[in-house]
Every structure is written in structure tokens, then in C-alpha cells.
1. What is the sum of charges around B:Arg169, taking Lys and Arg as +1, Asp and Glu as -1, for the other residues whose C-beta is under 11 Å from the C-beta of B:Arg169?
2. Would you list B:Thr122, B:Thr138 from fewest to most Cβ contacts within 10 Å?
3. Could you tell me which helices of chain A pass both thresholds, a Cα extent of 24 Å or more along their own axis and a mean Kyte-Doolittle hydropathy of at least -0.5, with helices taken as whole DSSP H runs?
4. Give the average, rounded to an integer, of partner chain Cβ atoms located within 10 angstrom of each Cβ in B:159-165.
5. Among B:Met161, A:Met140, B:Met95, A:Met42, what is the fewest-to-most ranking by other Cβ atoms within 10 Å?
6. Run the label-point distances for B:Pro160 please: 7 Å along Cα to Cβ, every other copy, nanometres, shortest first.
7. Say the dipole of chain B comes from +1 at the beta carbon of Lys and Arg and -1 at that of Asp and Glu; which of B:His163, B:Thr110, B:Met140 then lies farthest toward its positive end?
8. Mind checking Rg over Rh on the range A:77-204, alpha carbons, Kirkwood formula for Rh?
2 protein chains.
Amino acid sequence: MSSDKQLADKAERHKARQQKVKEAVDAKIAKAQTEKGVLLVMTGNGKGKTTAGFGNITRAVGHGKKAAVVQFIKGNWPCGERAVLEQVGVEFHVMATGFTWETQDREKDTLAALSAWEAAETLLSDDTIDIVLLDELTYMVSYHYLDLDRVLTALKNRPPMQHVIITGRACHRAILELADTVSEVQPIKHAFEDGVKAQLGFDY
Amino acid sequence: MSSDKQLADKAERHKARQQKVKEAVDAKIAKAQTEKGVLLVMTGNGKGKTTAGFGNITRAVGHGKKAAVVQFIKGNWPCGERAVLEQVGVEFHVMATGFTWETQDREKDTLAALSAWEAAETLLSDDTIDIVLLDELTYMVSYHYLDLDRVLTALKNRPPMQHVIITGRACHRAILELADTVSEVQPIKHAFEDGVKAQLGFDY
């Protein structure tokens, strides 16, 4: 068999395989017709949860959607995402304290979490907001700074077309159950474990 | 024991626990002192790989870093991330064809992949670029559109402080081995499986 013939056969087999993939994908797409606000949770211990949230906000804004961000547990460093996204109209609310192990003051942290959550509730009842990122919200629930039922109620009662993204490790089971899409980001390896420090503009 | 006393004890225990967490975190941070360009791979079958890549680009640009994006396998829809990020100076190269099961033409796809890869090689040899996103690159290797060794060589020889992010399912083992940080995004559940269609500004 000539090499040309082999190449042509390979191209044909590729085409047939891809045709099958296309048919399977098309069939799935045809079945998925519901449009609704999706509750997405990005959890797990790997790198990429917060950046996925902000990437989704960047995408939404690029399509003319109205987006808002509430950052729970935020360090005192400047936020690169905020610098870009506020320029294009994204509304930001940032919790007043930093990482909770830096503050070590339960009462102060609880008040700060509540205040940030009130901003979140306002967004979750505003049907002009297309997408809301609740960055690092999971910790507020696991540290009992926020009442789980209050969080669930606001999520359930939000405008039906509003997308919400929640990020953070160890998301409470009740929020996972309510979510439409859950991704668990697993750390296969991390440069930090190999002695590489967190670098501005990449890790934060 | 009075309720006030209980609350005070709870706050003290919280403070002690958080102090321990802080010490452990501080010790880890003290050990991690290397600064280098990190090769990050976001792989797995869950939602959030591409958005994590774009979120990282948004963050970098917000800190004044110079960023570039090469999109392999890109559909023919408008790209929201591009609309925002080109405004703030991010350089984009987009592969000419769409999803490969839409084109079903191996030769055409290979040429398009090669052309996009040449743009990537230029970026990977330019030390004025702080961070490069190679979105959906993994498929180019698994479909044998690109030569693995050529990809590995360019990644290894890039400027030492340049960060690179590779996204896509089923990343080749040799790229995972070369990477500093690997996150696997696992789909715990996905709205699409529940009949929810891919929505503009959220899923694409």
C-alpha cells in the first residue's frame, strides 16, 4: 500500500470517527434546551477555583452581561482582577478583614462576614445582575460565620436567570446539593510544595 | 457556666486554633522562597479549566503584567474574554478552525494547529511576555496535530520567569511531568447533563 493511500485512509478514518463524535455531541446538545441561572460551585484543594470564577466574570462582561463580585476572606494585597474588572463595570464588595488566621478574632470576623453577606443578599435579589461571584464563601459557612439556612434561602430565591458562582474549599454538602454544576479542583501537584513562593500576578 | 463564659471560651478556642493554622501557614511560606515562571496545567473533565486560565490572565494584567493568549480549538462564536482582555492590552492568537468534530478535515486542522503553534513559539521565546495562556492545547497533542517533542522543547526553553498555563482534557503525561502545578478539574455534576443548554456569557 502506498504512503499516499495510507494517509488518505488515515484521513478517512479520522473523518468517520469525528463524525461519530459530532453526532453524539449534537444529540446531547439537542436534548439540553433549558435556559436558567446556573449555580456553579468550584471547590476542592487545587489551584484554579477563584481564577475560574473571575474568568467566568470576564467572559460574562465581554458579552455585555452585568456582573458583581463579593470577596469573602480577602488579604490586604491589591487585587489584580478587581483593577481590570472595575474598569469594565463590575461591582465589587470586599470583606473588611483578611485571612481569618491572620485576624484571629471570631467576633470581628463574624461581623465582617455578615456585612459582606448583606451585600451579597442585595445582589441576589436584584434581577438586573446577570452573574454574581461569591468568592471564598464556603469558609464563611464552615467557620459558622454565616448561617447556612440564610445562605441557602438567598440562593434559592434569587432571580431565576441569575448565574451564581461560589468558590472555596470544603463546600457544605447542602450547597453542593443545591448547585447545578459542581467542579472539584484536585491538586495533582503544586509548585508551592516544591519551594516556589506565591507570586504577584500569578498566585494572587 | 453562663452563656457569656461559654462564648468567651469559644472565642478563645477559636483564637488558639487559628494561631496554630497561622503558624503552620507561616512556616510553609517561609520555606517557599523560589521565584520562577510556573508551568500550570488545568486538566480534567469538569467546568472551569479555560475560565481559570482567563481568570489568571485577568489577574496578571491587573498587576501590570504583559499577557498573551493562544486559543487552540475555538468555535466560531464571539469570545467574551477576548472582548474584555484585548481592551487592556492582551495579545490574542486564535486558531482558524472551530471544534475539530465540526470540521472533520485532518489536514486542514493540522495546518491550523501548526500555524497557531508558531504564534505560541514566538511568545514562548519572548521574555517581555510575563504570562502565556495556551488554551485547549492538550487536544492538539492528543490528536497528533502537533509534535509532542516540539511542544516540550518550547516549554522547557522559554524565559525562566515566564508563566505558562495549558488547559484542556486528557493532558499528555510528559507535559504533566514537566509542569510545576497541575490541577485536575473533576465534574461532580454538570447542569448540561440535567438538560440545561450552554448559555452565552456563562458557558461560552
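Read-outs: derived from the displayed coordinates by stated rules, not from any lab. Only a predicted model underlies this, so the values are computations on that prediction, with no experimental measurement involved. All Cβ positions, even for glycine, are placed from backbone atoms using ideal geometry, and neighbour counts span all protein chains on display.
1. Details: positive: B:Lys49; negative: B:Glu136, B:Glu184.
For residues surrounding B:Arg169, the net value is -1.
2. Fewest to most other Cβ atoms nearby, the residues stand as B:Thr122, B:Thr138.
3. On the way: long enough: A:3-31 (42 Å, -1.41); A:106-123 (26 Å, -0.28).
Going by DSSP H runs, the hits are A:106-123.
4. Rounded to a whole number, the mean comes out at 1.
5. Working: B:Met161 13, A:Met140 27, B:Met95 23, A:Met42 31.
So the residues, fewest neighbours to most, are B:Met161, B:Met95, A:Met140, A:Met42.
6. Nearest first, the other copies' label points are 5.9 nm away.
7. About the Cα centre, the residue reaching furthest to the positive side is B:His163.
8. Details: Rg = 15.8 Å, Rh = 16.4 Å.
Taking Rg over the Kirkwood Rh, I get 0.97.
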